[in-house]
Amino acid sequence: MNINVIPIVKMDGTTTSLTDYQGQVILVVNVASRCGLAPQYATLETLQRTYKDRGFTVLGFPSNQFLQELGSNEAIEEFCSTTYGVSFPVFDRIRVNGRNEHPLYTELKKTKDVAGKSGRVSWNFEKFLILPSGEMMRFRPRTLPNDPAIINAIEDNLPG
């Protein structure tokens, strides 16, 4: 399946797809407001502000899969903006594993991490870097967004 055409729903209920971001370096992250890893929002926002004008974006996908997300899109939006000043797109809540997982994550989870493992999302803040070439890289939750491997991959693949 072409990952770029999979429908994704924005917080306001409108539908889009990754084609809106085609040609950019995209960092897809399943986020959760009540997770102990939530401070990664700040680093994700720093990446967004640093690279957004050069063809990069973070895309946040809230998931209550691990029972650590707020109960409504409105609460999530408020948390993201007031706590971390998030300016990158945050989408409608989704499931990342299991029977009703979002098709985007069905495709993303085929990507292997540095240890050669693919499959289930292990926790909140798992990161998938989608390069303009279509190549994908996977970083597990405890890999910080400003890890040199992520930064180098972003910088090496920015358009232009």
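What follows is calculated from the coordinates using simple rules that are stated; it is not laboratory data. Every value quoted in this text rests on a predicted model; they were computed, and no experiment measured them. With ideal geometry, Cβ positions are generated from the backbone for all residues, glycine too; neighbour counts draw on all protein chains shown.
What to note about this one:
- Screening the candidates 30, 4 for the property of being part of a strand (DSSP E or B) and of a type in the set (S, T, N, Q) yields one hit, 30.
- Residue count for region 82-106, restricted to those that are crowded, with 19+ Cβ neighbours inside 10 Å, in a loop (DSSP other than H, G, I, E, B) and not β-branched (Val, Ile, Thr): 3
- Test set (1) of a type outside the set (S, T, N, Q); (2) within 12 Å of residue 27 (Cα to Cα); (3) free of Cβ contacts under 8 Å to residues at least 60 places away in the same chain - residue 132 fails condition number: (3)
- The set of residues in region 13-27 that are surrounded by 12 or more Cβ atoms within 10 Å (Cβ to Cβ), of a type in the set (Ser, Thr, Tyr) and part of a strand (DSSP E or B) contains only 16.
- For region 107-150, the set of residues classified as outside any loop (DSSP other than H, G, I, E, B) and either surrounded by 18 or more Cβ atoms within 10 Å (Cβ to Cβ) or under 15 Å from the mean Cα position of the chain (by Cα) (or both) consists of 107, 108, 127, 128, 129, 130, 136, 137, 138, 139, 150, listed by residue number.
- Evaluation of residue 43 against (1) within 22 Å of residue 158 (Cα to Cα); (2) in contact (Cβ under 8 Å) with a residue 40 or more places away in the chain; (3) in contact with a strand residue (DSSP E or B) (Cβ under 8 Å, 6 or more places away or on another chain); (4) not hydrophobic (A, V, I, L, M, F, W, C) (one fails), failing number: (3)
- Checked against (1) exposed (fewer than 13 other Cβ atoms within 10 Å of the Cβ); (2) in contact with a helix residue (DSSP H, G or I) (Cβ under 9 Å, 6 or more places away or on another chain); (3) of a type in the set (A, V, I, L, M, F, W, C), residue 67 meets all criteria but (2).
- The residues of region 38-56 that are surrounded by fewer than 18 Cβ atoms within 10 Å (Cβ to Cβ) and in contact with a Leu (Cβ under 9 Å, 6 or more places away or on another chain), listed by number, are 43, 54, 55.
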